[in-house]
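Comments concern the structure below.
The values are calculated or read from the model by the stated rules, or taken from the named source; none is laboratory data. Just so you know, these numbers come straight off a predicted model, no measurement behind them. Using ideal geometry, Cβ is built from the backbone for each residue, glycine included, and neighbour counts are taken over all protein chains shown. Note: accessible area is taken over every heavy atom of the protein model, side chains too, but ligands, DNA and RNA are not part of it. Shrake-Rupley method; radii C 1.70, N 1.55, O 1.52, S 1.80 Å.
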Amino acid sequence: MNEEDLPMDPIPPAPIGLSIVVPVYNGAATVGLLVDALSALRPEGGLEIILVNDGSPDNSAEVCRDIAARATVPLTYIEHARNFGEHNAVMTGLRHASGAYVITMDDDLQNPPEEVVRIYDHARNGDYDVVYTRYAVKEHEGWRNLGSRFANWVADQLMDKPPGLYLSSFRCMSALAVREVVKYAGPYPYVDGLLMQVTQRLDSIEVKHFARVEGRSNYTVKRLVRLWMNLATNFSVLPLRLAIIAGVAMGTLGLFIALIVVIEAMMGSTPSGYASLMVVTLLIAGVQFLVLGVMGEYVGRAFMSANGKPQGVVRGVVRAIVRPAR
């Protein structure tokens, strides 16, 4: 019998069908409504809810503890000791998830809870490891939509993902994908980059997208730039290769100009060329600093990882006690 004919050992069944991980940041006004809506769902195999308070500066901690105290479904509340970032909070939630599938979603009600079961069933029935959501119309601010499109374009260039696949934080993952993703212990996680390294069983499904019920987006330009840097430097060496290409191109240009200067000198005409020389000098110096900056970013991240910078620090965990209905 050939090795490929041998039966594969089945993955042991998960104790629950669906886990829903929600990172919470400035979500005190909306997370209660979200949990109430999720608690009313009846997915195959049941569900559990995992709330991760990522150092929220508002009273999300008190709200989440109150939610846990009156929970009607299995619920775990996890509190980070400080703000580590959305993807770090998701990683913490994934480590506490026990479902056969895990859905991650935001706390601001822009991801409609009524779409959860449809995404879960699509992943389960299609035997997909990851199902992303895409939106016909996104209700974000214009600059945020532009930033999302740019991040997806960067991902197309740097990661091994199907072209045009929209990477959304509202996603469903199999237990297999989650188990592999949470093995990453570095301080700069990018969940989608980790998923692309794990599986190619990917699909997407169109869902609704609502405007924010309360407040403004927690993503600032600074946070988006930090996300792009995690994407670019953690899962690809392409920036280093581009830096090498830029260095070679500038070196070739400098050699070509030097040759022109030598020829002009041999022909007896002394080039005035001060302005052009300064332009070329500054151009080459700029590229050199760019190359050093890219290399420095990689070296700095390697240093922080080797120095033991934590991916997340859990201050405490509260598991809701769900009393059976009489």
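Of the residues Met295, Met304, the single one that is part of a helix (DSSP H, G or I) and modelled with pLDDT under 70 is Met304.
Looking across segment 23-37, the residues that are over 11 Å from Leu109 (Cα atoms) and of a type in the set (A, V, I, L, M) come down to Val24, Ala28.
If you go through segment 83-98 and pick out every residue that is more than 14 Å from the chain's Cα centre (by Cα) and among the aliphatic types (A, V, I, L, M), you end up with 1.
Here Glu86 passes the criteria (1) open to solvent by less than 40 Å² (accessible area, probe 1.4 Å); (2) at pLDDT below 95 except the one numbered (1). Scanning segment 13-24 for residues that are assigned to a strand (DSSP E or B) and either closer than 22 Å to Asn83 by Cβ or modelled with pLDDT under 95 (or both) turns up Ile16, Ile20, Val21, Val22, Pro23, Val24.
Condition check ((1) touching an Asp or Glu at 6+ places or on another chain (Cβ under 9 Å); (2) open to solvent by 20 Å² or more (accessible area, probe 1.4 Å); (3) of a type in the set (Gly, Ala, Ser); (4) modelled with pLDDT under 95) across all residues:
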{"position": "Leu34", "(1), (2), (3), (4)": "yes, no, no, no"}
{"position": "Ala37", "(1), (2), (3), (4)": "yes, yes, yes, no"}
{"position": "Leu41", "(1), (2), (3), (4)": "yes, yes, no, no"}
{"position": "Val52", "(1), (2), (3), (4)": "yes, no, no, no"}
{"position": "Leu75", "(1), (2), (3), (4)": "yes, no, no, no"}
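For segment 153-170, the candidate set comprises residues that are open to solvent by less than 10 Å² (accessible area, probe 1.4 Å) and of a type outside the set (A, V, I, L, M); within that set, the residue that is modelled with the lowest pLDDT is Ser168.
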